[in-house]
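Here is the structure we will look at.
The values are calculated or read from the model by the stated rules, or taken from the named source; none is laboratory data. Remember, it's a predicted structure, so these values are computed and weren't measured experimentally. Using ideal geometry, Cβ is built from the backbone for each residue, glycine included, and neighbour counts are taken over all protein chains shown.
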Amino acid sequence: MPDTTIQSVAKLTKLYIDGNYVEPKSGQKYTLYNPSDGSVVSSEIPVAGQEDVDAAVTAAEKAFHGPWSKFTGAQRSACLRKLAELLDEKDTLLDLLTLDTLSTGNPVSLIPTREKNYIMSQLLYYAGWTDKLRGDYLPDDDGFVKLVRHEPLGVCAGINPFNAPVATLIMKIAPCLATGNTIIIKPSEYSPLGSLAIGPLFEAAGFPKGVFQVVTGAGDTGALLAAHMRIRKISFTGSVATGKKIQIAATQSNLKRVTLELGGKSPAVVFEDANLDNALTWTINAILARSGQVCVAASRVYVQRSIADKFIEGYKERMKAAAENIGNPLDTTTSLGPLVGKAAFERVSKMIERGKTEAELVVGGVRHGEQGCYIEPTVFLNPKKDAQVYKEEIFGPVSVIKTFETEEEVLEMANDTEFGLMSGVFTKDINRALRFSSRLESGVVGVNCVSYMNVQAPFGGKKSSGIGREFGEYALRGFTEPKTVLINLTYGYCFSVTSTTLGQPSFFEYFNLSQDTEAPQYAYTNRVIGGLNGCFSGGGLLGALVGGWACDALGRKKTLLLASPIAILGGALHGFAVGILMVIIPLFQCEIAPPAARGFLVSQHGIVIVFGYATAAWIGFVIVAISLVAFDTGSPRVSSLASLLMDRVGRVKLLTIGISGCLVSLIFEAALSARYIGTENSSGLSAGVFFLFLFISFYGCCIDATTYVYCTEIFPTHIRSRGMAWSLAILFATTIAYLIPAPTAFAQVGWKYYLLFIILTVINIPIIWTFFPETKGLALEEVGEKFGDDVLVRPTNITTEQREQLHKAIKAEKSASESTPMENMSA
């Protein structure tokens, strides 16, 4: 038995925060007692207050966002392995665990085997997990690659029990640190020494300061951790009552994640075909481990009636024999120590006394020795259904035995509890074992074993026995947050503002289109559709170019007379398509069509519009023409309005008004798109799409008016073709942009598409106002000069006086012609 443990107790009078031992700012200390003889272990155990907890959280945050976040999985693994190596050196682990023996009474005889294996296996197991925590990949059949990654939560806290302080410390820190979090440990007020002493080993193992910290105290300190707004996870092992308080505090603070490993009343069911010696060994060890002070203690034993006498006799003999091994926990020959303290001793003693009135006492039931908190192993037979010793967790070396006849009978009894942590089934019939274990309401079921945990498999309870799981990959998941990353492999379809929600893979199925396997999915199809869309826009401007040539050749009057019926017809068709199909079809695609058909519908959108033009020309043309021509953005009414406004306010101001209208429309379109596109609110989506098209129509009016100024009125008749050519060149570049990067930016980036045009529109206004030439009130030759037309427009040397005389002569000639008889004019 090493002396170093006792000598080192005097050093453990400070909190371990940010890599240093510091005095508690609260200034509070408490006394720690030895339960084996009542002596004082230390009267200087620190109590962490609010300032101490805040300091620990700040240091943990600094480490998490600083050096610790830069550690790779391999580096974190190296730290955990180094910590295991340091604990395995000489008597380091023995010293740590012996420190806790002084205040808990756990026999040191358990250290070389059970405790050491339990601790080392966890460190090495999770050291192997640091670079292997898998994310997920979901198919890209809808055009989006879905990646799921698991990211650390941040600052976590662990509140540990007294019965295995260092072992549970490692149980919490190993998965927590393996996943890149930082942690603050609060050990039980009955067992703080080992947790405080282990602190410097973390820094020696390569962990940055602040990654691991220890604050000590009782329930008040734990409450500070549970309610702290900057702690993201609490992992608690202890009683049901305290677990409920922690969950309430976590909920009322910042909804921090919670793992609760709480109490149990574990049943062990022994069927008549079981190996009795094996069943006796496991059930006895399961109630006497740490003097019954474990949550998985097999405190309820059910024995099939045909073997009950033989089993009960063997059970009684072994429990009586165990009393002979009660003694000083620092003695290596002792296997059964005291209860953790006076309060625990009094509580268990009271339950035993009450049990004597509720069941048949057959073994123990008395105090062992004259001093210390020792209770002899105790056994009750056939308790009443509502007996306290049968229904409630005792947390002492006390068990009850009941007999049963059938499988259904014992299943009902085993599940008749609010606990659901551990259970055991003893039988040689594997079919029965699997069948029965599937119906037991517990988080862990042992077959031919009980009260056993393995680091590779999840451990935790059902019902009131807890939430979440320790051990295995499940523990790692509990210290991470899943994050979904969506990668858009398709730039969407050109025709619908709702294409971000409608893109489906069935486009290729219907049209049997091949794909470039080296390019992102849909790249080929997108470029085809984008090119068609670009050609559509280019064709529109090509028509404008033809119109310009017509103006040059025929003159304005004849061109307008020729273009008016074409404009009426085109306006009717366009108005029909935009006003009806462009509203109805997206709503139909969003709300009615099954997902498998949506891609097909979207791909058909352009074709439907084309057929809509043709259909409108033959069906209901008169009605459509009368009702929609007035509102169509390309109608003569809009052109006339643009001309009127241009004459009144000038071209620069009209351009500013039109572009400002476009800006307002784009802002509303962006807001509606960001708010409603992709929402599950069907009515909101419908309204959003309706108003979106409304603003798009407004945008069309503004842009048409603006374009009218650019492409027609701004250019005098004889140089209009040149202006059209400039515009066509600009649109040709736009068409190329369609073909190269993406056909529809909206489907790719959503509302950011509008943001781009908002920015360009804002930039455009001062450019036009500053640099664009105003032509209102200018002579034709001056307009030509501003546009650099030194070929078709030649300045004259006529003076102002000569010009006025010429105007007078023209007016006089006009007056004379109006007064002349019609026949004379014809002659």
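When you look at Glu358, is it assigned by TED's automatic domain parsing to the domain that holds Ala308 and over 17 Å from Ile326 (Cα atoms), yes or no? It is true that Glu358 is assigned by TED's automatic domain parsing to the domain that holds Ala308 and over 17 Å from Ile326 (Cα atoms).
Residue check: Lys11 meets all listed conditions (1) in contact with an Asp or Glu (Cβ under 6 Å, 6 or more places away or on another chain); (2) not assigned by TED's automatic domain parsing to the domain that holds Ser109 but one, namely (1).
In this structure, Arg134 does satisfy being assigned to a loop (DSSP other than H, G, I, E, B), modelled with pLDDT under 90 and outside the structural domain of Leu330 (by TED's automatic domain parsing). Scan region 427-434 and give yes if some residue there is touching a Ser or Thr at 6+ places or on another chain (Cβ under 6 Å) and at pLDDT 95 or above, otherwise no. Yes: one or more hits.
Matching residues to (1) surrounded by fewer than 20 Cβ atoms within 10 Å (Cβ to Cβ); (2) more than 25 Å from Pro35 (Cα to Cα); (3) in contact with a His (Cβ under 9 Å, 6 or more places away or on another chain):
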{"position": "Ile246", "(1), (2), (3)": "no, yes, no"}
{"position": "Ser253", "(1), (2), (3)": "yes, yes, yes"}
{"position": "Pro267", "(1), (2), (3)": "no, yes, no"}
{"position": "Glu272", "(1), (2), (3)": "yes, yes, no"}
{"position": "Asn278", "(1), (2), (3)": "yes, yes, no"}
{"position": "Ile312", "(1), (2), (3)": "yes, yes, no"}
{"position": "Ala323", "(1), (2), (3)": "yes, no, yes"}
{"position": "Ile326", "(1), (2), (3)": "no, no, yes"}
{"position": "Gly337", "(1), (2), (3)": "no, no, no"}
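Within region 287-298, does at least one residue satisfy the condition of being surrounded by fewer than 18 Cβ atoms within 10 Å (Cβ to Cβ) and of a type outside the set (Val, Ile, Thr)? Checked against the condition, which is being surrounded by fewer than 18 Cβ atoms within 10 Å (Cβ to Cβ) and of a type outside the set (Val, Ile, Thr), region 287-298 yields no hits at all. Just wondering, is there one or more residues in region 436-449 that are hydrophobic (A, V, I, L, M, F, W, C), outside any strand (DSSP E or B), on the phi > 0 side of the Ramachandran plot and out of contact with any Asp or Glu (no Cβ under 7 Å at 6 or more places or on another chain)? So far as region 436-449 goes, no, none of its residues is hydrophobic (A, V, I, L, M, F, W, C), outside any strand (DSSP E or B), on the phi > 0 side of the Ramachandran plot and out of contact with any Asp or Glu (no Cβ under 7 Å at 6 or more places or on another chain). Look at Leu97 and say whether it is in the same structural domain as Val155 (by TED's automatic domain parsing), buried (at least 20 other Cβ atoms within 10 Å of the Cβ) and part of a helix (DSSP H, G or I). Considered against the rule, which asks whether it is in the same structural domain as Val155 (by TED's automatic domain parsing), buried (at least 20 other Cβ atoms within 10 Å of the Cβ) and part of a helix (DSSP H, G or I), Leu97 comes out as yes. Checked against the criterion of being modelled with pLDDT of 95 or more and under 23 Å from Pro161 (Cβ atoms), the candidates Ala55, Ala48, Ala63, Ala78 yield just one match: Ala48.
Every condition in (1) free of Cβ contacts under 8 Å to residues at least 40 places away in the same chain; (2) farther than 30 Å from Ile326 by Cβ; (3) touching a Ser or Thr at 6+ places or on another chain (Cβ under 9 Å) holds for Gly143 except the one numbered (1).
The residue that is farthest from Ile312 (Cα to Cα), among those in region 351-407 that are touching a strand residue (DSSP E or B) at 6+ places or on another chain (Cβ under 7 Å) and among the aromatic types (Phe, Trp, Tyr), is Tyr374.
The residues listed here are Ala56, Ala84; of these, the one that is in contact with a strand residue (DSSP E or B) (Cβ under 7 Å, 6 or more places away or on another chain) and among the small types (Gly, Ala, Ser) is Ala56. If you go through region 150-180 one residue at a time, how many are buried (at least 24 other Cβ atoms within 10 Å of the Cβ) and in a strand (DSSP E or B)? Number satisfying all stated conditions: 5.
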